[in-house]
1. Out of the residues in the range 112-126 meeting the condition of being modelled with pLDDT of 95 or more and away from the ligand (no atom under 16 Å from the Cβ), tell me which one is farthest from residue 269 (Cα to Cα).
2. Identify all residues within the range 127-148 that are more than 16 Å from the ligand (Cβ to nearest atom) and under 19 Å from residue 161 (Cβ atoms); write none if there are none.
3. Quick one: which helices (runs of 4 or more DSSP H) sit completely within the range 1-109 and have at least 1 residues that are away from the ligand (no atom under 16 Å from the Cβ) and at pLDDT 50 or above?
4. Return the residues of the range 306-358 that are part of a strand (DSSP E or B) and farther than 13 Å from residue 56 by Cα; say none if nothing qualifies.
5. Would you pick out the residues in the range 118-161 that are in contact with a helix residue (DSSP H, G or I) (Cβ under 6 Å, 6 or more places away or on another chain), part of a helix (DSSP H, G or I) and touching a residue at least 40 places away in the same chain (Cβ under 8 Å)?
6. Select, from 280, 285, 276, the only residue that is assigned by TED's automatic domain parsing to the domain that holds residue 115, assigned to a loop (DSSP other than H, G, I, E, B) and in contact (Cβ under 8 Å) with a residue 40 or more places away in the chain.
7. Residue under question is residue 361, and the condition is that it be in a strand (DSSP E or B), outside the structural domain of residue 156 (by TED's automatic domain parsing) and buried (at least 18 other Cβ atoms within 10 Å of the Cβ); does it hold?
8. Can you confirm whether residue 180 is within 23 Å of residue 254 (Cβ to Cβ) and surrounded by fewer than 24 Cβ atoms within 10 Å (Cβ to Cβ)?
Ligand SMILES: Cc1ncc(COP(=O)(O)O)c(C=O)c1O
């Protein structure tokens, strides 16, 4: 499978060359006609970057599947057009979820969806209610527009505290612009069970928008989880954010979307940038069709996560149960110090997630990368006497 991807990547570059031909530029021709010294230099190879085991940003290490690369190759011909056929990406996404296209707002990554939601539903003196640590794009957007963030602590087992979220929302009702819930949560990897989502939605005033970020939806096995998209169909004030960055390997290409009742989408639309390009749209269409590759990424990622977690736990370290393509381990040492140790060994891991500064978030890379991670782990951490793993807390 990995070699299959490598072949595809070569073909993709072939496609780039073909595209230059299509645009009337033989590779290098037009550029070389100017002074050689002024030719742009493209850093196609970056030894330092390429040699790093990238386990810090929860990316999919395999990249787009072969069918996605083929679809994107075919879309080069739209590079110079506006209003080109886009594979009906909006309709495809709507069909995928059983909603109407008017319920979908596409963005350059779900990061854009989160920002757009922040701009639409927050504003001066409004508050967003969520937990800490969590994914912080919404909080950063809020801070940028002088809105307030009420960040509640996690429960003792690192879950999002739904009872406290309901309480805080009711207490601040007049000022609450939005509730933000990351399910499963980044960086802890824990889910909010479907019954607790219902508790939240039933427990807060029905006009409070709730943004449920399902970036890691595709990796979940826990039957207590279910997507919150059905609440959109019920007409609740729910916005579900999804991304193509994780399971479909498109982080660098940028594609995500929000699913919400039409009136919420209409409030958000003025803030969206419409910056998704032709290749990305065709790549997204192919991704939704390629269920075989999706299943392979899920299976491979989960198997590698379970193997790595078991090894780390066998050395006596507690890992928070994860339903994602990353896990968080309590190292008992400042994460910044641990990161530096891994970096010396050409491995990039997590970042600081206050207040959990003695925890390390590790993304699941390829088998080879996880092997490098474990070798480094054994060099950096001693086996603890309580080896066997505390599993959980
Ligand atoms: C929970 C969560 N939401 C959203 C995103 C944004 O992803 P993207 O903008 O690449 O779609 C991420 C990225 O890591 C994430 O972890």
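The values are calculated or read from the model by the stated rules, or taken from the named source; none is laboratory data. Every value quoted in this text rests on a predicted model; they were computed, and no experiment measured them. All Cβ positions, even for glycine, are placed from backbone atoms using ideal geometry, and neighbour counts span all protein chains on display.
1. Step one: of the range 112-126, the residues modelled with pLDDT of 95 or more are 112-122, 126.
Filter once more, keeping what is away from the ligand (no atom under 16 Å from the Cβ): 120-122, 126.
Details: 120: 9, 121: 12, 122: 14, 126: 20 Å.
By that ranking, first place goes to 126.
2. Here is the first cut: in the range 127-148, the ones more than 16 Å from the ligand (Cβ to nearest atom) are 127, 129, 143-148.
Selection gives 127, 129, 148.
3. Values: elements: 2-22, 29-32, 47-51, 66-74, 89-97.
Of the helices (runs of 4 or more DSSP H) lying wholly inside the range 1-109, those with at least 1 residues that are away from the ligand (no atom under 16 Å from the Cβ) and at pLDDT 50 or above span 47-51, 66-74, 89-97.
4. Taking the range 306-358 as the starting set, the residues that turn out to be part of a strand (DSSP E or B) are 319-320, 326-330, 347-349.
The answer is 319, 320, 329, 330.
5. Correct list: 118, 119, 120, 138.
6. Values: 280 fails: assigned to a loop (DSSP other than H, G, I, E, B); 285 fails: assigned to a loop (DSSP other than H, G, I, E, B).
Going through 280, 285, 276 in turn, just one is assigned by TED's automatic domain parsing to the domain that holds residue 115, assigned to a loop (DSSP other than H, G, I, E, B) and in contact (Cβ under 8 Å) with a residue 40 or more places away in the chain: 276.
7. Working: in a strand (DSSP E or B): yes; outside the structural domain of residue 156 (by TED's automatic domain parsing): yes; buried (at least 18 other Cβ atoms within 10 Å of the Cβ): yes.
Yes, satisfied.
8. On the way: within 23 Å of residue 254 (Cβ to Cβ): yes; surrounded by fewer than 24 Cβ atoms within 10 Å (Cβ to Cβ): no.
No, not satisfied.
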